[in-house]
């Protein structure tokens, strides 16, 4: 069996944004070298999808420049609309509501994409070609704007997941609905676009939970949704979850083994940079939590390294262009 591409993505952002801070700190940048060393131990090449505040961190920029200069990873763009300049209020309190970029006027969307792209390219010294949307909210307009700025790869789609129940701006439609999306990579950009000039969508590795696969209707009824989720998550992601150590590693290893049997096109793992710092996120509140996380990652990466080959998003795009798969997929994204 040929080696399956394994893509490690890191949402590289400020400390504990779940608390919705108004003064955002970036202390977690100092904790990234340990994670980079772990990835390099298994010959994986993490992609640091970086937002505005981290692009302003000298600690992160020094780290990122070293990583990309050695070809040991990639820096891409990640955009949180509520605190990325130019700031233009959409709600009465954008820091509280954290509206999606796709809820802003198109002029503002375009200006924010260009501003954070220019900042990253200036600070890191590399062309930005990879992207993930903040809060996973993506649509066809957004894809077109990324193409205009020279992006080549996106990884915002979470197959099977409907984010419409996660509010952004009050009165809005919530997040994107990916419930009908294929988990395989596909090119975006219009019916007549050549793959070499189109945006490649590389979906996250997400599979339905066992109970969801049997009875998805349970997760659509408000009174039953939370109870069903406690029994079995609706979807299983290839990422750390805030559970006890044993269940965490079992969940990730189980998903990887399930995917391997299905002969996947790729595996995509993700975490947040702040998960690597004590107190940085709800699931890493202490040093013990971080040590447990690293123990899980060590076991997961060791098993995956036996049958996968590490790639950045940009490298995966080149790999996919050489494969006999060039179908474009735009209609579903237009309605996401």
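The values are calculated or read from the model by the stated rules, or taken from the named source; none is laboratory data. For clarity, every value in this text was computed on a predicted model and none was experimentally measured. Note: ideal-geometry Cβ built from the backbone for every residue, glycine included; neighbour counts use all protein chains shown.
Quick notes
- Any hit, region 260-274, residues being in a helix (DSSP H, G or I), at pLDDT below 95 and either touching a helix residue (DSSP H, G or I) at 6+ places or on another chain (Cβ under 9 Å) or over 21 Å from residue 78 (Cβ atoms) (or both): yes
- Each residue in region 56-89 was checked for being under 21 Å from residue 19 (Cβ atoms) and either surrounded by 20 or more Cβ atoms within 10 Å (Cβ to Cβ) or at pLDDT below 95 (or both), and 9 of them qualify.
- Only one entry of 292, 257 meets the criterion of being more than 24 Å from residue 26 (Cα to Cα), in a helix (DSSP H, G or I), out of contact with any strand residue (DSSP E or B) (no Cβ under 7 Å at 6 or more places or on another chain) and at pLDDT below 95, and that entry is 257.
Conditions (1) surrounded by fewer than 18 Cβ atoms within 10 Å (Cβ to Cβ); (2) modelled with pLDDT of 95 or more, marked per residue:
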| residue | (1), (2) |
| --- | --- |
| 99 | no, yes |
| 109 | no, yes |
| 113 | no, yes |
| 127 | yes, yes |
| 137 | no, yes |
| 161 | no, no |
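- Every residue from region 275-289 that is in a helix (DSSP H, G or I) and either closer than 26 Å to residue 202 by Cβ or touching a strand residue (DSSP E or B) at 6+ places or on another chain (Cβ under 7 Å) (or both): 275, 276
- Residue tally, condition outside any strand (DSSP E or B) and either under 13 Å from residue 168 (Cβ atoms) or within 16 Å of the chain's Cα centre (by Cα) (or both), over region 118-145: 10
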